[in-house]
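What follows is a single structure, written as structure tokens, with notes after it.
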2 protein chains.
Amino acid sequence: MPTLTNGRVRHSAVFTLKHPEGSAEEADFLEAIARLQGIPAVEAFELMREVSPKNDFRFGLTMEFADPAAYAAYNNHPDHVAFVANRWDPEVADFLEIDVAAL
Amino acid sequence: MPTLTNGRVRHSAVFTLKHPEGSAEEADFLEAIARLQGIPAVEAFELMREVSPKNDFRFGLTMEFADPAAYAAYNNHPDHVAFVANRWDPEVADFLEIDVAAL
């Protein structure tokens, strides 16, 4: 994993869906979230299973940005704004956002 | 960031210390936690600042293991066991552990 230097930000989220595991709705949501990696400035995108018994989240998502301005551009991108309003807010039961930068 | 294939596990934690920011105790803890990367099987170790306004954690830690057996070996290593008992449990105010694997 490249270390976070020169203003890079790694944006992550862990989340659980309202949809049953293995359902078509779950699969459709995961496909939709994977499409976010097409938004300019998104780097090192990964969608993963969350496997720790120490929390109740089911999925993890991570991506990196070259700097805070790139991260802001992503946040404000129409595709991201639409995804949050149309998919994330209605379909995610619980989540936590985590952003990290160089120490 | 290498993708998580073939049983690889990325182990992460976000945490906040009991010590004041910028204190000598804080610096000493961060040095101690950085020494965990010397434990066999630890890969891709990173210690970072947590910068999201959406949670109250102050630091992030991530590392990877080739497979669950390597992760277990780390967890059971005497240096890790001692670190948790002597440093983590007394000095960490709040934390969340997150483990991710391939979807």
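Taking 0.36 nm per residue of separation and subtracting the current Cα-Cα distance, fully stretching the chain between residue A:94 and residue A:32 would add 20.6 nm. The distance separating the Cα centre of the range A:1-47 from that of the range B:18-60 comes to 24 Å.
Each copy carries residue A:35; placing its label point 7 Å along the C-beta direction from Cα gives inter-copy distances of 5.1 nm, listed from smallest up.
Between residue A:52 and B:99, the built amide H atoms are under 5 Å apart, and every one of these is 5 or more places off in sequence or on another chain.
Stokes-Einstein diffusion coefficient for chain B at 4 °C in a medium of 1.567 mPa s, Rh from the Kirkwood formula over Cα pairs: what value in µm²/s? Let's see the in-between values first.
On the way: Rh = 14.3 Å.
This corresponds to a translational diffusion coefficient of 90 µm²/s.
Wrap a convex hull around the Cα atoms of the protein assembly as shown, take a quarter of its surface area, and give that in square nanometres.
Numbers: hull surface 46.0 nm².
Here the figure is 11.5 nm², rounded to one decimal.
Our helix-only sum for the protein assembly as shown, with -39,500 (n - 2.57) per DSSP H run of n ≥ 4 divided by its residues, gives a mean residue ellipticity at 222 nm of -7000 deg cm²/dmol. Database remark: amide H of residue B:44 closer than 5 angstrom to the amide H of B:64 (H placed geometrically; neighbours at sequence offset of 5 or more, or on other chains; Pro and chain starts carry no H). A simple spin-label model places the labels of residue A:102 and residue B:102 3.2 nm from each other, with each point 7 Å out along Cα-to-Cβ.
Relative to its Kirkwood radius, the Cα radius of gyration of the range B:1-53 gives an Rg/Rh of 1.03. Here the 3J(HN,Hα) profile of the range A:28-38, calculated from phi with Karplus coefficients 6.51, -1.76 and 1.60 at θ = phi - 60°, is 5, 5, 5, 5, 5, 6, 5, 5, 4, 5, x Hz, Gly and Pro shown as x. Taking label points 7 Å from Cα along the Cα-to-Cβ direction, residue A:81 and residue B:25 give a separation of 4.6 nm.
How big is the dipole moment of the protein assembly as shown about its Cα centre under a simple scheme where the beta carbon of each Lys and Arg is +1, that of each Asp and Glu is -1, and everything else is neutral? Debye, nearest 20, please.
The calculated dipole for the protein assembly as shown is roughly 200 debye.
In terms of surrounding Cβ atoms within a 10 Å radius of their Cβ, A:92, A:100 rank from fewest to most as A:92, A:100.
Bear in mind these aren't lab numbers, they're just calculated from the coordinates by the rules spelled out. Quick caveat: nothing in here was measured; it's all calculated off a predicted structure. Glycine gets a Cβ as well: all are built from the backbone with ideal geometry, and neighbour counts include every protein chain shown.
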